[in-house]
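Heads up, the thing below is written out as structure tokens.
The values are calculated or read from the model by the stated rules, or taken from the named source; none is laboratory data. Because the structure is a prediction, the values reported are computed rather than measured. Every residue, glycine among them, receives a Cβ derived from its backbone with ideal geometry; neighbour counts consider all protein chains shown.
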Amino acid sequence: MVPDIDVVGFRFGIHYGDFWGHRGFTHSLTSAALLAGTILILVFPSGVPNLSRLLLCSYLFLATASHGFLDAMTDGGLGVAFFAPFDNTRYFFPWTPIRVSPIGISRFFSPRGLAVVRSELLWVWFPTLVLIAVICFAQSRTHSQTTTPP
């Protein structure tokens, strides 16, 4: 959710399509890399047991960048500035099944907000749960094969 900090800019007169506007720099791959590196240094200075610092940084980068990827799959807004600060062009993916979320709490708790929740459950959360189940199943099979005597 960190990339959506850019909505604060509306209060300061920053326009949606500006560099610092919604889905601008904070949704870029550069911003994801900077945030991942910062979190790695500040929160995990010694790393994490059984995980290399490079793998941890890659995970943090992908977790942050996924926000922009999902936003590029929505059906509204101006797109995502993936390549900011080098290029502020906004992009959508060719396939945009996710309903765009209204900005603001009061707008979110409305019939349109409910449609967004349904859309995200179908296109984001359900596939995520299926992926987690597949990974857990694969790990349990691998674990049982390595612990079962011949």
- Task: Could you grab me the full set of residues in region 45-65 that are of a type in the set (S, T, N, Q) and either modelled with pLDDT of 95 or more or outside the structural domain of residue 30 (by TED's automatic domain parsing) (or both)?
- Result: 58, 64
- Across region 69-84, the tally of residues that are part of a loop (DSSP other than H, G, I, E, B) and either aliphatic (A, V, I, L, M) or at negative phi (or both) stands at 9
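Whether any residue in region 81-93 is without any contact (Cβ under 8 Å) to a residue 12 or more places away in the chain and closer than 18 Å to residue 16 by Cβ is what I want to check.
Checked region 81-93: at least one residue is without any contact (Cβ under 8 Å) to a residue 12 or more places away in the chain and closer than 18 Å to residue 16 by Cβ.
Condition check ((1) over 21 Å from residue 25 (Cβ atoms); (2) outside any helix (DSSP H, G or I); (3) at pLDDT 95 or above; (4) not hydroxyl-bearing (Ser, Thr, Tyr)) across all residues:
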| residue | (1), (2), (3), (4) |
| --- | --- |
| 86 | no, yes, yes, yes |
| 89 | no, yes, yes, no |
| 100 | no, yes, no, yes |
| 114 | yes, no, no, yes |
| 117 | yes, no, no, yes |
| 122 | yes, no, no, yes |
| 137 | yes, no, no, yes |
| 143 | yes, no, no, yes |
- Query: Among the candidates 69, 137, which residue alone is in the same structural domain as residue 15 (by TED's automatic domain parsing), of a type in the set (Phe, Trp, Tyr) and without any contact (Cβ under 8 Å) to a residue 60 or more places away in the chain?
  - Reply: 69
- Message: I'm told residue 38 meets every condition in (1) surrounded by 20 or more Cβ atoms within 10 Å (Cβ to Cβ); (2) at pLDDT 95 or above except one. Can you identify the failing condition by its number?
- Response: (1)
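Among the residues of region 118-142, write down those that are β-branched (Val, Ile, Thr) and either loosely packed, with under 14 Cβ neighbours inside 10 Å or in contact with a Ser or Thr (Cβ under 8 Å, 6 or more places away or on another chain) (or both).
128, 130, 132, 134, 135, 142, listed by residue number.
Could you say which residue among 82, 61 is more than 23 Å from residue 15 (Cα to Cα) and surrounded by 15 or more Cβ atoms within 10 Å (Cβ to Cβ)?
Going through 82, 61 in turn, just one is more than 23 Å from residue 15 (Cα to Cα) and surrounded by 15 or more Cβ atoms within 10 Å (Cβ to Cβ): 61.
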